[in-house]
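Structure record follows, encoded as structure tokens.
Derivation of every value follows stated rules applied to the coordinates shown; laboratory data play no part. What you are looking at is a predicted structure, and each value in this text was computed from that prediction instead of being measured. Here the Cβ is made from the backbone with ideal geometry for all residues, glycine too, and neighbour counts use every protein chain on show.
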Amino acid sequence: MLFSGLFSKKNAILGVDIGTSNIKIAQITHGEKAVLDTYGIVNSPYQLGGKNDSVALPAMAKLLKTLISRAGVTTNKCVISFPNISVFSSVVELPKMGDAEMGAAVEHEAKKYIPLALADIDLSWSVVSEPVAGLKGGNVKILLTAVPKQITKNYLQLFDMAGLEPEVGEIEALALIRSLIGNAAISCVIIDIGAKSTGLNVIEEGFLRLSRNLNIGGETITAKIAQTLNISETRAEQFKKDFGVSGTAFIPDAIRPILNIIKTEIKQLLTLYQSQYKKKPEKIILVGGGANLPAAAQFFADLEIPVELGNPLHAVSYGKSLAAILERYRLSLPIAIGLALRKE
């Protein structure tokens, strides 16, 4: 468990990111500059997957409460994210119309994109861009988001057991945009390599346009190294951290096929994006624990788009004495920080 209390503040917001292998939190106080009050990370062997979470919920709640206590969190108000694997999202275009008509049109459109009955999901939508002024026939771009009601129920129960009061829930991509891009009207690809899954998000002028989720991540790479070299996963994890996609010949041979799956999917998204917007993204941003893989950024360089490691710490101020340890964990914190940065 990693935790670090910087200083106590009132009227703060806590961002809670429950990943597939750990829980991350970040408390931020909003003022002239957003201040990171405290943060924390703890490994979690539990996941919330649906109806059979009765055993996992109490254990996860206890883990979350302990993390909150040790990190010195001073608020019970929080913003939460739902994992990509549990969320259906899509950007659709509709003619401009009134709110009541738009709501009905969105529900009708959602049936085309979401493979669940509307009665079984919590559906939300938001306008991401309006028609260009002066042009006739322009459409409104709408971000559809749907979460299975069972998932929503489980998450609300978890946070209630942990003594937290969720103010709002949102998809991970929006938190990533907030912490990594902010108000900058840029186009980019955010690659979030987690333990068990990888999120790919194409951003246009600061808004989510395309999103994909792959069921591979850092643990997939570790397992492949262990299998290829016939060693334990503990040793394979250390090899991965030491050598990444550079180093000795046999390590890259084990890793590259998995990273190539990610690269192939990115190429497909870029082709789709460029067919719609007639331009390349300005950069690729790597985050998530898997982005710590040595030489990961160089691996994607042949996409001919500048690649950089994300830095959510640019969006907040914090005690400089903690700069070194925050820098070490910054790739794991963009969602938690982005959630806590939400002002609305």
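Structure notes:
- The shape of segment 19-93 comes out oblate: with a ≥ b ≥ c from the C-alpha gyration tensor, a/c is at least 1.5 while a/b does not beat b/c.
- Going from the fewest other Cβ atoms within 10 Å to the most, the residues S44, S126 appear in the order S126, S44.
- A Förster radius of 30 Å, combined with the Cβ-Cβ distance separating Q274 from I325, puts the computed FRET efficiency at roughly 0.15.
- Other-chain or far-sequence residues with amide H under 5 Å of S44's (modelled H): N22, I23
- Overall, the chain carries a charge dipole of about 440 debye about its Cα centre when +1 sits on the Cβ of Lys and Arg and -1 on the Cβ of Asp and Glu, all other atoms neutral.
- Relative contact order (%) - criterion: Cα under 8 Å, at least six apart; region: the chain: 20
- In segment 197-291, GluC sites (Glu not before Pro) in a DSSP loop with at most 15 other beta-carbon atoms within 10 Å: E205, E282
- Cα-projected label distance for H314 with Y113, points at 7 Å along beta-carbon direction, nm: 2.8
- Long-range HN-HN contacts of I284 with modeled amide H, under 5 Å: V189, V307, E308
- As a calculated quantity, the FRET efficiency between L123 and S21 at R0 = 25 Å, using C-beta atoms, amounts to about 0.30.
- Annotation: extensible slack from R256 through V55 equals 68.7 nm (criterion: 0.36 nm per residue apart, minus Cα-Cα distance).
- In order along segment 27-35, the phi-based Karplus estimate (6.51 cos²θ - 1.76 cosθ + 1.60, θ = phi - 60°) of 3J(HN,Hα) comes to 9, 10, 9, 8, x, 4, 9, 5, 10 Hz; Gly and Pro are listed as x.
- Cα gyration tensor shape for segment 212-303, rounded if a/c is under 1.5, else prolate or oblate: prolate
- Net charge of Cβ neighbours under 12 Å - reference E308; Lys, Arg +1; Asp, Glu -1: 0
- Rounded to whole Hz, the Karplus (6.51, -1.76, 1.60) HN-Hα couplings of segment 153-166, x for glycine and proline: 4, 5, 5, 5, 5, 4, 5, 5, 5, 8, x, 10, 10, x
- Less than 5 angstrom separates the built amide H of G19 from those of K24, all sequence-distant by 5 or more or on a different chain.
- With at most 10 neighbouring Cβ atoms within 10 Å, loop trypsin sites (Lys or Arg not before Pro) (DSSP) excluded, longest segment of the chain: 137-277
- In order along segment 319-335, the Karplus-derived 3J(HN,Hα) couplings, from 6.51 cos²θ - 1.76 cosθ + 1.60 at θ = phi - 60°, round to x, 5, 5, 9, 4, 5, 6, 5, 4, 5, 10, 4, 5, 9, 10, x, 6 Hz, and Gly and Pro are given as x.
- Cα-based Lys pair tally, segment 212-303, threshold under 27 Å, eight or more apart or on separate chains: 18
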